């Protein structure tokens, strides 16, 4: 508990720490106060370095060169990720071939796929492989490359080369941030090379991302929203992303409330 914050400001901080970001509209409805009151609270939290402003809301202070620690990301917005995962699982039929890359949202998708049958999954995510290899009708293939200790991801040039041996039905990718112009961004250039290989070798590319990624700006360019076939997210994208979406042919799927 921060003694310099009032109860509402402390609650705002806790909500952002749990979800990754919040909007002014969400907080106005939750607390039953005016948008001006919420903006004042956010200004105090941002001026104290506890939050970071973005258009229409606030999120955790972010680095453009270093991601949030993996254990912390695992517990952020778990409900939103679960809803995204259920949508993706309902979209993918049995007897499909898939790439699944790194991230806590893609891991949620893997968990939602366990009741499918006869899937072939090629992944550079050891957490995904450990989960899905228990399914007797699944064919699970691990890429080669260097294993990152922090999240059990496999990355590097060898990983991308391995991905290029296949052409699959669905490429399921996560992302660390989406810039205002629709550019997809990440932190590790080695991971980006793998994701780009997945995009190039998938008949359909499915981007899975919760709403907090619309407020983050890592420094490594991966692709653009126009390179994606279907976007699965947990909330309506912000206005600047909707403007980008209006100019490209991208299907967006959001859980029904």
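No value in this document is a laboratory result; all are computed from the given coordinates. Not measured: the values here are computed from a predicted model. For neighbour counting, all protein chains shown are included, and Cβ atoms are generated from backbone atoms with ideal geometry for every residue, glycine included.
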**Q.** Rounded FRET efficiency, nearest 0.05, which uses the C-beta distance separating residue 183 from residue 137 and R0 of 41 Å
**A.** 0.60
Q: Would you compute, from DSSP H runs of 4+ residues alone, the mean residue ellipticity of the chain at 222 nm, taking -39500 (n - 2.57) per run and dividing by the full residue count, rounded to the nearest 500?
A: -10500 deg cm²/dmol
Q: Springs between alpha-carbon atoms under 10 Å, Gaussian network over the chain: tell me which of 241, 122, 173 tops the mean-square fluctuations.
A: 241
Q | Candidates 214, 138, 30: whichever shows maximal mean-square fluctuation once the chain is modelled as a Gaussian network with Cα springs under 10 Å | A | 30
(Q) Need the C-alpha centroid separation for segment 179-200 versus segment 13-41, integer Å. (A) 30 Å
Q: Quick one: check the C-alpha center-to-center distance for segment 239-257 versus segment 210-236, whole angstrom.
A: 10 Å
**Q.** Efficiency of FRET between residue 48 and residue 246 - r from beta-carbon atoms, R0 41 angstrom, step 0.05
**A.** 0.65
Q: Calculate, for residue 90 and residue 4, the FRET efficiency according to 1/(1 + (r/R0)^6) with r their C-beta to C-beta distance and R0 51 Å; round to the nearest 0.05.
A: 0.65
Q: May I ask you to compute the full-extension gain from residue 167 to residue 11, defined as 0.36 nm times their residue separation minus their alpha-carbon distance, rounded to one decimal in nm?
A: 51.4 nm
Q. Taking the Cα atoms only, what angle lies between the long axis of helix 78-91 and the longest principal axis of the chain, rounded to 10 degrees?
A. 40 degrees
Q.
Angle check, please: helix 7-19 long axis (alpha carbons) against the longest principal axis of the chain (alpha carbons), in degrees 0 to 90, nearest 10.
A. 10 degrees
(Q) Translational diffusion coefficient of segment 184-229 at 4 °C, 1.567 mPa s, Stokes-Einstein with Kirkwood Rh over Cα pairs, in µm²/s as a whole number. (A) 116 µm²/s
Q. Ratio of Rg to Rh for the chain, alpha carbon only, Kirkwood?
A. 0.99
Q | Crossing angle, helix 189-200 versus the chain [Cα axis fit, 0-90 degrees, rounded to tens] | A | 60 degrees
Q. In a GNM of the chain with a 10 Å cut-off on Cα contacts, which of 15, 213, 247 has the highest mean-square fluctuation?
A. 247
Q.
At 0.36 nm per residue, and after removing the present C-alpha to C-alpha distance, how many nm does the segment from residue 114 to residue 40 gain when stretched out fully?
A. 22.1 nm
